[in-house]
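For reference, the structure is listed below as structure tokens.
The values are calculated or read from the model by the stated rules, or taken from the named source; none is laboratory data. Quantities reported herein were computed from a predicted structural model and do not represent experimental measurements. Virtual Cβ from ideal backbone geometry, glycine too; neighbours counted across all protein chains shown.
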Amino acid sequence: MSGSRAPYMEWAKTRPKPEIDLAGSNLLPCTLDDLPGARDAVDIAGESPEGYPPLKEAIAKHHGVGPERVATASGCSGATFLACAAILSPGDDVLMETPGYDPLPGAARLLGARVRAFERRFEDGYALDPDAISAALTPATRLVIISNPHNPSGALASTESLARLANLAEALGFTLLVDEVYRDTVLEDRPEPATLHSDRVVSTSSLTKAYGLASLRCGWALASSELASAIRRARDVVDVWSPMPADRLSVVAFRHIDRLAERAAGIIKTNRAAVAEFLAAHPALRAAESRSTLVFPRIEGVDDSGPFVDRLFRETGTAVAPGRFFGAPAHFRIAFGGDPTALRRGLETIGRGLARL
């Protein structure tokens with residue numbers, strides 16, 4: 001893995017298939033039966049040189065912005081990469097959170113930028129600290145990247161901290177990129193899209209984590225009209241535009257977004273209760289409050305969860321994500337957006353594994 005740009009993603013794609021997968025973080029996948037009219041919507045013909053207009057309009061309506069502020073992409077990671085490509089030049093500094101999601105620094109390094117880090121502390125519940133970010137900035141900082149809700153912990157940044165960070169971006173001239181792919185998994189007091197705070201803010205997301213539609217690869221960036229246009233120009237040299245069948249099906253998904261959100265809420269509420277019960281029953285684990293479909297517990301008295309994670313998979317077929325991939329080896333990540341029955345079985349096996357430590 002030494003040459004990998006994103007070790008976690010390489011691991012996620014090449015690991016043996018688990019019997020119970022609590023490492024993959026997508027919502028339980030939808031079927032065509034979950035999208036009325038989907039079968040009739042599929043058509044190979046069409047074009048979307050600046051993004052498929054009906055899809056851009058649907059995304060814009062969902063977020064309360066104009067379509068000129070939407071740039072479509074292949075998934076949230078694709079949108080993030082295109083935004084980085086539109087903003088960064090070789091030698092620029094990019095400031096990112098740790099623990100964090102490793103494809104984010106991988107994208108910046110691929111574009112020749114230098115990656116620096118600021119800490120989101122477990123002891124503070126992974127709260128976003130604008131003062132820590134300000135202290136870590138350099139004269140060459142062009143971009144600051146965070147996730148909200150935080151990946152891997154599921155912690156939600158406060159509206160006040162995001163507003164302060166947007167003001168800092170305005171004052172110092174850098175761009176703030178917020179990966180909001182888990183935003184719609186927040187069921188209570190969901191924050192507004194971060195891009196509404198300032199034209200210096202760009203947010204990225206997709207239909208994957210909150211709606212179970214990973215296979216459509218429908219992603220987007222929300223930005224100022226000027227930056228959205230620059231992101232579209234970056235896409236000209238990557239994949240030009242999305243496959244038309246996927247764009248058409250994504251429009252159908254937005255047409256039924258309330259139905260999909262209701263389905264997701266039922267899964268998330270059931271699974272969140274199971275995870276809360278599990279954590280309460282295992283005092284050897286400590287975890288920050290999660291507002292999403294991820295939780296990032298730490299095993300007390302253990303510096304590296306890797307051997308436990310490996311043994312858990314080897315002996316039970318249950319997969320969780322090792323904390324080393326996120327910059328916090330003592331932790332491991334449980335993703336709980338999937339099948340509730342499989343989740344309960346997986347949590348039971350984790351509990352039995354902890355009892356043997």
Within segment 29-54, considering residues that are crowded, with 18+ Cβ neighbours inside 10 Å and within 24 Å of the chain's Cα centre (by Cα), the one farthest from LEU260 (Cα to Cα): GLY51
Residue satisfying all of: in segment 59-74; of a type outside the set (Ser, Thr, Tyr) and surrounded by 21 or more Cβ atoms within 10 Å (Cβ to Cβ); farthest from VAL237 (Cα to Cα) among these: ILE59
Criterion: touching a residue at least 40 places away in the same chain (Cβ under 8 Å), of a type in the set (Ser, Thr, Tyr) and either within 25 Å of ASP258 (Cα to Cα) or out of contact with any Cys (no Cβ under 8 Å at 6 or more places or on another chain) (or both) - qualifying residue of THR185, THR159: THR185
Residues of segment 99-158 that turn out to be acidic (Asp, Glu) and modelled with pLDDT under 95, as a count: 1
In segment 214-229, the residues that are within 13 Å of GLY51 (Cα to Cα) and more than 21 Å from the chain's Cα centre (by Cα): SER229
From ALA127, ALA73, residue being of a type in the set (A, V, I, L, M) and out of contact with any strand residue (DSSP E or B) (no Cβ under 7 Å at 6 or more places or on another chain): ALA127
Selection from segment 121-130 of residues that are over 15 Å from LEU177 (Cα atoms), in contact (Cβ under 8 Å) with a residue 12 or more places away in the chain and of a type outside the set (Asp, Glu): PHE122, GLY125, TYR126, ALA127
Subset of segment 187-222 that is closer than 16 Å to SER147 by Cα and small (Gly, Ala, Ser) - its residue that is surrounded by the most Cβ atoms within 10 Å (Cβ to Cβ): ALA221
Elements of type strands (runs of 3 or more DSSP E) in segment 127-226, at least 3 residues being out of contact with any helix residue (DSSP H, G or I) (no Cβ under 7 Å at 6 or more places or on another chain): 141-147
Residue selected from segment 309-343 under the condition of a type in the set (Lys, Arg) and without any contact (Cβ under 8 Å) to a residue 24 or more places away in the chain, by the criterion surrounded by the most Cβ atoms within 10 Å (Cβ to Cβ): ARG324
SER25, sole failed condition from (1) of a type in the set (Gly, Ala, Ser); (2) closer than 20 Å to PRO105 by Cβ; (3) surrounded by fewer than 20 Cβ atoms within 10 Å (Cβ to Cβ); (4) not assigned by TED's automatic domain parsing to the domain that holds SER203: (3)
Residue list for segment 163-172, restricted to those being surrounded by fewer than 24 Cβ atoms within 10 Å (Cβ to Cβ) and touching a residue at least 24 places away in the same chain (Cβ under 8 Å): ALA163, ARG164, ALA166, ASN167, LEU168, ALA169, GLU170, LEU172
Boolean, ALA107 is in contact with a Cys (Cβ under 6 Å, 6 or more places away or on another chain) and of a type outside the set (Asp, Glu): yes
Any hit, segment 346-356, residues being crowded, with 22+ Cβ neighbours inside 10 Å, touching a residue at least 12 places away in the same chain (Cβ under 8 Å) and either more than 30 Å from SER158 (Cβ to Cβ) or not hydrophobic (A, V, I, L, M, F, W, C) (or both): yes
Residue within segment 264-278 that is closer than 30 Å to PRO53 by Cα and either outside the structural domain of HIS62 (by TED's automatic domain parsing) or of a type in the set (A, V, I, L, M, F, W, C) (or both) present: yes
